[in-house]
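Undergrad: Have a look at this one before I ask anything.
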Amino acid sequence: MPNHPEHGRRILLIDDHQMLRDGLERILILSGVCAYCGHADNAGDGLHLALSEPWDVILLDIALPDRNGLEVLKGILDQRPESRVVILSMYSAREYGLRAMHAGAVGFLCKATAAAELVQAVREIAQGGRYITTEVAELAIEYGAPTTQRATPTLSDREFQVLCAIGAGMRPSEVASYLGLSPKTVGTYRARVLLKLGLSTTPELIRYAADRGIAG
C-alpha cells in the first residue's frame with residue numbers, strides 16, 4: 001500500500017448509502033486529507049476495488065447489502081495484509097469495535113463521528129498509525145473483566161453474523177441467502193448462539209441484539 005504525500009492520498013469508501021459516501025468524500029477532499037475517493041456500494045465491488053487498485057485508507061461499512069463488512073475485511077487482508085481498513089458503522093462499538101480490531105482493522109468509527117475526528121483518524125491511519133477511540137480502548141480493558149455487561153467474545157464470527165441477521169428480523173431463508181449458507185446450517189448456528197448466550201427462542205435473540213444495538 002503506497003504512502004502518498006497527504007495531497008495525493010487515495011481513499012476508498014465502501015458503503016451502500018450514496019449520500020453518506022458523497023458527504024464523506026466532501027469532508028475528506030475539502031479538509032485536504034486526500035486527493036481522490038473511490039466508491040463502492042456493495043461488498044463485491046468494494047472487494048474488487050480494494051484488491052485491484054492502490055489505496056492509502058479504506059473506509060468500510062459493517063452492514064452491506066450482499067455481505068457483512070467483517071467478511072469483506074477478511075477478504076481484503078487475506079490478499080493484501082498491508083491494507084489499512086477502518087470500519088465505519090452505525091452500530092455499537094461495544095459489540096463491533098473490538099471484533100473489528102481483532103479482525104485486523106486499524107480503526108473503528110461510528111457514522112455519527114464529527115468531521116474533525118474523521119479527518120484526524122484518516123490522517124493518523126494513512127501515516128501508519130491506528131485510531132482507537134476512548135470507547136474502544138475502555139472496552140479493551142473491560143473485555144477480560146468478569147462482568148455480564150461485556151461484549152460477546154464467545155461467538156465465532158459466523159455465529160455473530162447469524163445473530164446480527166436474526167436481530168435485523170431476517171427469516172432463516174433470508175439469513176441463508178444473505179450469508180451464502182444452507183437453511184440447515186443457519187439453524188445449526190442459531191442453536192449454537194442460543195446455547196452460548198443462554199437464550200431459548202428467536203424473539204429472545206432479537207431482543208438481545210436490539211438491546212445491544214447490533215442488529216443488521
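Undergrad: State, to one decimal in nm, how far the label point of residue 116 lies from the label point of residue 182, with both points 7 Å from Cα in the Cβ direction.
TA: For the pair residue 116/residue 182, the computed spacing is 5.6 nm.
Undergrad: Also, quick follow-up: Give me the extension gain from residue 16 to residue 102: residue separation times 0.36 nm, minus the current Cα-Cα distance, reported in nm with one decimal.
TA: Extending this stretch completely gives an extra 28.6 nm.
Undergrad: What translational diffusion coefficient, in µm²/s and rounded to a whole number, does the Stokes-Einstein relation yield for the range 6-142 at 4 °C and a viscosity of 1.567 mPa s, taking the hydrodynamic radius as the Kirkwood radius over Cα pairs? Provide the component values of the computation, followed by the final result.
TA: Values: Rh = 14.6 Å.
Estimated diffusion coefficient is 89 µm²/s.
Undergrad: Going by the alpha-carbon gyration tensor, a ≥ b ≥ c the square roots of its eigenvalues, is the range 33-103 rounded (a/c under 1.5) or, if a/c is not under 1.5, prolate (a/b greater than b/c) versus oblate?
TA: In terms of gyration-tensor shape, rounded.
Undergrad: Apply the a/c threshold of 1.5 to the C-alpha gyration tensor of the range 157-212 and tell me whether it is rounded, prolate or oblate.
TA: On the way: a/c = 1.81, a/b = 1.39, b/c = 1.30.
In terms of gyration-tensor shape, prolate.
Undergrad: In the range 6-142, what % of DSSP beta bridges are antiparallel (nearest 5)? Working shown, then result.
TA: Values: 1 of 19 bridges.
For the range 6-142, the DSSP antiparallel bridge percentage is about 5.
Readers should treat all values here as calculations from the given coordinates under stated rules, not as data from a laboratory. Nothing here was measured: the structure is a model prediction, and the numbers come from that model. Every residue, glycine among them, receives a Cβ derived from its backbone with ideal geometry; neighbour counts consider all protein chains shown.
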